[in-house]
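Comments concern the structure below.
Every number here is computed from the coordinates shown, using simple stated rules; none is lab data. Computed from a predicted model, the values in this text were never measured in an experiment. We place every Cβ from the backbone using ideal geometry, glycine too, and count neighbours over all the protein chains shown.
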Amino acid sequence: MPTLLSNPAGAPLPPKGAPGSSAPHPGGADELFAAVRKVIDADIRPFLQADGGDIELVEIVGRCVRVRMTGACETCPSSDSTLREGVEARIKARIGADYTIEELKR
């Protein structure tokens, strides 16, 4: 069964320098926001929603991706692990290794 840490399609992650790899994102702010949203929508959100939670992309400031955990994720004792080992790892693999995740609380 796939997990948040696995590639849902079962294929290996793209090599560095390829689109969607850990090479720095070449586009502007709008393109970066759209790319991060795409990763969240495709690779992260389905797993969170399966457990009654969700994630909202709030903003990107420099190399910091700010998100808000919602639903069951708001009070889940494992949400910090999910952010670091799941969300941040996936963003680093798909968008760029030097990005970090910050959770904004309500």
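Tabulated results
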| read-out | value |
| --- | --- |
| Selected residue (criterion: nearest to E31 (Cα to Cα)) from residues of region 65-102 that are touching a Lys or Arg at 6+ places or on another chain (Cβ under 8 Å) and surrounded by 13 or more Cβ atoms within 10 Å (Cβ to Cβ) | G96 |
| Residue satisfying all of: in region 58-88; out of contact with any strand residue (DSSP E or B) (no Cβ under 9 Å at 6 or more places or on another chain) and touching a residue at least 40 places away in the same chain (Cβ under 8 Å); farthest from L48 (Cα to Cα) among these | E85 |
| Residue among G52, G62 that is under 29 Å from G28 (Cβ atoms), surrounded by fewer than 12 Cβ atoms within 10 Å (Cβ to Cβ) and not aromatic (F, W, Y) | G62 |
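Rundown of residues vs (1) part of a strand (DSSP E or B); (2) among the acidic types (D, E), yes/no style:
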site: L48; (1), (2): no, no
site: E56; (1), (2): yes, yes
site: E59; (1), (2): yes, yes
site: V67; (1), (2): yes, no
site: C73; (1), (2): no, no
site: S81; (1), (2): no, no
site: E85; (1), (2): no, yes
site: E88; (1), (2): no, yes
site: I91; (1), (2): no, no
